[in-house]
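See structure below.
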Amino acid sequence: MPTSPLLRPWTMADAPALRAAFAADPSLEYQFGARFDDVGQAAAYLVAHPAVSPQRRSFAIDVDGTAVGSIDVSAIDPRHQTAWVSYWVAPSARGRSLAARGVAAAAQWAFGDGGLFRLELGHRTNNPASCRTALQAGFRREGVERAKLQYGGTRFDVETHARLATDPVPAAAPLPFQSPGPSTS
């Protein structure tokens, strides 16, 4: 029987799913800054980037027990109560608002147990799907950073978005989640 999607911390058992997502969309290399040509490389990445640390919370988007995407809250700065949000979804799970719902859930955690006030994110200006995700999750546009990212030999402009703890509740219904661990405070 299918289960509802949820957000949960990544585990070592997710290495095959991470490898499968990378195989289905090799452009995810840009998101990770790493290649996953086999399950061992995916497992090594998960070891090097734990789901819970003082500066980061990494959530797997879980559908029926399989990780099909990720929402990260990183560069957590307790002093200023800020963090950076990033996300991706495997091609097989796209088009179901899982990223927007996952970002909304991660923001809910960040503004609650995480003790944060401002979340930021950015996407290439040539990625309208990522922009829709940000807007659905309640992140407002703030501007464009010219030629911020470089992938291969090409530079990309990045549209930045932010959401404050005091902003209205977004349209996207947050995914339910399993606790990511202790708060940043």
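We did not get these values from a lab; they are worked out from the coordinates using the rules stated. All values derive from a computational prediction rather than experimental measurement. For neighbour counting, all protein chains shown are included, and Cβ atoms are generated from backbone atoms with ideal geometry for every residue, glycine included.
Overview of values
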| item | result |
| --- | --- |
| Pairwise centroid distance, computed over Cα atoms, of region 38-54 with region 59-85, Å | 14 |
| Peptides 112-118, 154-160 ordered by average Cβ neighbours within 10 Å, highest first | 112-118, 154-160 |
| Peptides 52-58, 100-106 ordered by average Cβ neighbours within 10 Å, highest first | 100-106, 52-58 |
| Net charge over other residues, Cβ less than 14 angstrom from the Cβ of Leu135 (K, R count +1; D, E count -1) | +2 |
| Residues Ala23 and Asp64, FRET efficiency given R0 of 30 Å [Cβ-Cβ distance, rounded to 0.05] | 0.95 |
| Mean ellipticity per residue at 222 nm, deg cm²/dmol - from DSSP H runs of n ≥ 4 across the chain, formula -39500 (n - 2.57) | -7500 deg cm²/dmol |
